[in-house]
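Trainee: Mind looking over this structure? Questions follow.
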Amino acid sequence: MAGRIGVKKEDVFLACEELMRSGQYVTIANVRSELGTGSYGTLAPLVSEWKKNSEIQVAQEQSIPAIPVDLMDLGQKFISDIWTLASSESNKKLDELNEKHKSELEKISIELKTKDLDLHQAIEDIKALELENESLNKSFESLKTNINQKEGEIKLLKEQLEKKESEVSNLLERAVRAEKDSEFLKRK
């Protein structure tokens, strides 16, 4: 792949290798800095190509022999056994937790129903008390009206009593005078 004029593929690859030897990261910005030139658009595909070639080379140098089939089979069986055991244990634990939560949910459901019944009873009690209170208020108002009426009657009776007392007092005074007059006339 050819880059821009002035930047050659070999120069980019040499810059990448120099960065690797010096322990720096191979980035487009570092390659550009190493070369002192080159646009990102030109350098990006060349740096990517170098990285790909470098990975292939490293993989070839570090080539690891294939795992023997017997060992692979034993490993797969071991993993399968562990997975089966772990799945079984987790399913058992999950079943235990489900039973525990189901039991707790039933208890909470019963409590909720009990509280709901208590709430409905309390609402009915409140309604009954409100009706009783309303009835008592009416009775109180009636008694209050009755008391006011009786107080008016008492006031009127007191006024009448005062008049009668005044009349009785006048009559007594007249009677006393008449008696005095009568005694006076008898003496004469």
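Trainee: Let me have the relative contact order for the chain, percent, based on Cα pairs under 8 Å that are six or more residues apart.
Mentor: So the answer I get is 11 percent.
Trainee: State the Cα centre-to-centre distance between region 109-188 and region 15-34 in whole Å.
Mentor: Distance between centres, Cα-based: 112 Å.
Trainee: As a test of the definition: which semi-axes, in Å, follow for region 60-188 when you take the square root of five times each eigenvalue of its alpha carbon gyration tensor? Largest first, please.
Mentor: 117, 15, 10
Trainee: Compute the length gained on full extension between Ile126 and Ile79: take 0.36 nm times their separation in residues and subtract their Cα-Cα distance, giving the result in nm to one decimal.
Mentor: 10.2 nm
Trainee: What do the square roots of 5 times the Cα gyration tensor eigenvalues come to for region 9-64, in whole Å, largest first, as semi-axes of the equivalent ellipsoid?
Mentor: Equivalent ellipsoid of region 9-64: 21, 12, 8 Å, largest first.
Trainee: Please give the calculated 222 nm ellipticity per residue for the chain, where each DSSP H segment of at least 4 residues contributes -39500 (n - 2.57) and the sum is spread over every residue; nearest 500 deg cm²/dmol?
Mentor: Computed mean residue ellipticity for the chain: -32000 deg cm²/dmol.
Taken together, the values in this text are just the output of simple stated rules run on the coordinates, not laboratory data. Source: prediction; values computed, not measured.
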